[in-house]
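Worksheet: the structure to be examined is printed underneath.
The values are calculated or read from the model by the stated rules, or taken from the named source; none is laboratory data. Keep in mind that this is a model prediction, so the values were computed, not measured. Neighbour counts are summed over all protein chains in view; Cβ atoms, including those assigned to glycine, are modelled from backbone coordinates with ideal geometry. When the accessible area is computed, the model is the full protein with side chains, heavy atoms only, and any ligands, DNA or RNA have been set aside. Shrake-Rupley method; radii C 1.70, N 1.55, O 1.52, S 1.80 Å.
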Amino acid sequence: PNEEERAERWKTLVESGETEVKDKLNAQTLGRITNGLSIKNIDNVYALAKVKKTPLDLALIKNKKREILETEFSDDILRVTVPQFGFDYFGNMENVKKYMLEVRDNILKGLLRRVPMGILASGPPGTGKTFFFECFAYECGFNFVKIVNPQEMWVGSSEKRMAKILSALDDVSPVIVLEDEADQSEAPRGSPVGDSGVSNHLDQMKFEFCSDPKRRGKVIWIRITNRPDLLDAAYKRKGRTDDHIAFVMPNADACAKIFAAIFKRYQIPTTVSDFSLFGEKTAEKIYCTGADIEWMTLEADKIAGREGKEKVGKKHLMKMIESWKPKARPEIIDQQIILALEEADEHLNPDGWEKTLEDVYKRQFERNKLNK
């Protein structure tokens with residue numbers, strides 16, 4: 001059924017008043033977000049809510065769509081992810097969280113012109129790019145899928161798999177699509193790949209799909225990369241990728257929020273009520289990421305356990321902060337920070353990004369002096 005037919009069916013069901021409807025859903029919105037469901041599927045969702053005596057909400061609809069995806073794509077070319085955490089568990093990027101919730105609300109309201117066609121998230125590894133958009137998918141109540149490399153050894157098979165993927169995304173929209181390490185799967189045109197043009201054919205299929213205005217607000221394609229400079233400029237142009245968000249090392253305030261979020265996510269008991277001091281000490285390390293803070297927290301919990309303590313104390317956490325050392329070469333991380341911040345949209349940059357960029361340039365200047 002088309003959107004109008006779905007909305008008409010929902011109108012009949014909702015007006016029956018046999019179950020409560022949540023998330024500010026009305027018949028028109030339900031018709032819009034149940035793309036890919038048959039009339040029978042819609043009746044089943046409503047009947048399930050009625051039998052379980054639970055309100056009809058986004059979660060029930062998402063689960064039904066996930067069943068369809070998993071049944072249709074048993075060959076694992078699409079990985080359906082079920083996010084477990086929302087933005088309350090992401091302790092940073094407050095301005096971007098607010099913006100992404102606006103995107104969600106615009107989709108639900110049908111104001112699709114206000115929704116980006118695609119988003120590019122760039123920055124060093126461990127800065128929370130993938131987890132942020134998993135949290136966004138949770139907040140939306142939409143399905144969240146990760147693209148698997150469709151290439152096969154047989155002539156024509158890769159193109160058929162890609163066509164099947166793209167068709168599925170249309171069927172289950174609105175959907176959030178995550179393409180991790182996009183710089184490896186989307187090399188600039190003209191790069192030697194040695195696959196008889198298959199990569200170029202697949203790229204062209206994605207180019208056409210991602211720039212079709214009919215998909216605005218229905219398929220949000222998220223590209224994740226450490227090296228935005230290696231992506232083809234055609235992917236980064238407005239109309240395919242409208243927003244570019246930089247993820248960089250958190251400042252002291254953000255570090256404190258990340259500590260609090262991780263303790264909450266893992267339900268780790270602690271005697272610490274204020275993480276400000278630990279945020280300051282972590283930020284002084286310069287190259288600490290959210291992933292590093294997660295590691296520090298979990299290791300501190302292990303130390304507390306070895307000592308027979310039920311709660312993580314200040315000394316356990318400080319010990320791990322002081323023992324942390326960067327694993328990657330600082331000059332490489334600095335270059336990734338520059339690339340992310342210089343290409344990103346300023347209004348979506350993290351707090352204090354100007355100071356972050358200034359500090360990176362200073363460190364580069366000092367290295368160049370030493371090399372000379």
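Would you pick out the residues in the stretch 282-313 that are assigned to a helix (DSSP H, G or I) and open to solvent by 80 Å² or more (accessible area, probe 1.4 Å)? W295, K302, R306 - these are the residues of the stretch 282-313 that are assigned to a helix (DSSP H, G or I) and open to solvent by 80 Å² or more (accessible area, probe 1.4 Å). Is it true that T19 is over 30 Å from K164 (Cα atoms) and open to solvent by 10 Å² or more (accessible area, probe 1.4 Å)? Considered against the rule, which asks whether it is over 30 Å from K164 (Cα atoms) and open to solvent by 10 Å² or more (accessible area, probe 1.4 Å), T19 comes out as yes.
A Cβ distance below 6 Å, combined with a sequence gap of six or more or placement on separate chains, defines the contacts here; from the stretch 143-165, residues that are farther than 20 Å from E67 by Cβ and at pLDDT below 60 reach residues that are part of a helix (DSSP H, G or I) and of a type in the set (K, R) in the pairs P150/R161.
So which of I321, I332 ends up being touching a residue at least 12 places away in the same chain (Cβ under 8 Å), outside any loop (DSSP other than H, G, I, E, B) and over 16 Å from N92 (Cβ atoms)? Give the derivation first.
On the way: I332 fails: touching a residue at least 12 places away in the same chain (Cβ under 8 Å).
Selected residue: I321, the only one of I321, I332 that is touching a residue at least 12 places away in the same chain (Cβ under 8 Å), outside any loop (DSSP other than H, G, I, E, B) and over 16 Å from N92 (Cβ atoms).
In the stretch 60-85, the residues that are farther than 30 Å from A261 by Cα and of a type in the set (V, I, T) reach residues that are open to solvent by 30 Å² or more (accessible area, probe 1.4 Å) and modelled with pLDDT of 80 or more with C-beta atoms within less than 6 angstrom, at least six apart or across chains, in these pairs: I77/R161.
Is the stretch 55-68 home to any residue that is in a loop (DSSP other than H, G, I, E, B) and under 17 Å from the mean Cα position of the chain (by Cα)? Show your work before the answer.
First, pick out the residues of the stretch 55-68 that are in a loop (DSSP other than H, G, I, E, B): 55, 57.
When the remaining residues are screened for being under 17 Å from the mean Cα position of the chain (by Cα), the result is none.
Taking every residue of the stretch 55-68 in turn, none turns out to be in a loop (DSSP other than H, G, I, E, B) and under 17 Å from the mean Cα position of the chain (by Cα).
What are the residues in the stretch 214-250 that are part of a strand (DSSP E or B) and among the aliphatic types (A, V, I, L, M), if any? Once the filter is applied, which keeps residues that are part of a strand (DSSP E or B) and among the aliphatic types (A, V, I, L, M), the stretch 214-250 yields V219, I220, I222, I224, I245, A246. Looking across the stretch 53-81, the residues that are modelled with pLDDT of 90 or more and either surrounded by 17 or more Cβ atoms within 10 Å (Cβ to Cβ) or basic (K, R) (or both) come down to K53, L56.
Condition test on V177, is it open to solvent by less than 80 Å² (accessible area, probe 1.4 Å), modelled with pLDDT of 90 or more, β-branched (V, I, T) and under 30 Å from I332 (Cβ atoms)?
yes
Quick check on my filter: what residues within the stretch 317-350 are charged (D, E, K, R) and either surrounded by 11 or more Cβ atoms within 10 Å (Cβ to Cβ) or closer than 30 Å to E299 by Cβ (or both)? Across the stretch 317-350, the qualifying residues are K319, E322, K325, K327, R329, E331, D334, E342, E343, D345.
Within the stretch 19-33, residues that are free of Cβ contacts under 8 Å to residues at least 40 places away in the same chain reach partners that are of a type in the set (F, W, Y) with beta carbons closer than 7 Å, at six or more positions or on different chains, in the pairs T19/Y46; A27/W10; L30/W10; G31/W10. Here Y46 meets the list (1) part of a helix (DSSP H, G or I); (2) under 31 Å from the mean Cα position of the chain (by Cα); (3) among the hydroxyl-bearing types (S, T, Y); (4) surrounded by fewer than 19 Cβ atoms within 10 Å (Cβ to Cβ) almost entirely, failing just condition (4). Between L108, L101, L120, the distinction of being in a helix (DSSP H, G or I), within 14 Å of the chain's Cα centre (by Cα), within 30 Å of D351 (Cα to Cα) and touching a residue at least 24 places away in the same chain (Cβ under 8 Å) belongs to L101 only.
Only residues that are surrounded by 20 or more Cβ atoms within 10 Å (Cβ to Cβ) and either of a type in the set (G, A, S) or farther than 17 Å from R113 by Cβ (or both) were counted in the stretch 211-220, giving 1. Taken over the stretch 1-39, residues that are out of contact with any Lys or Arg (no Cβ under 8 Å at 6 or more places or on another chain), assigned to a loop (DSSP other than H, G, I, E, B) and not small (G, A, S) amount to 7. Just one of (1) within 21 Å of M100 (Cβ to Cβ); (2) in contact with a helix residue (DSSP H, G or I) (Cβ under 9 Å, 6 or more places away or on another chain); (3) open to solvent by 50 Å² or more (accessible area, probe 1.4 Å) fails for K238. It is (2). Going through (1) within 25 Å of T241 (Cα to Cα); (2) open to solvent by 60 Å² or more (accessible area, probe 1.4 Å) one by one, W353 falls short only on (2).
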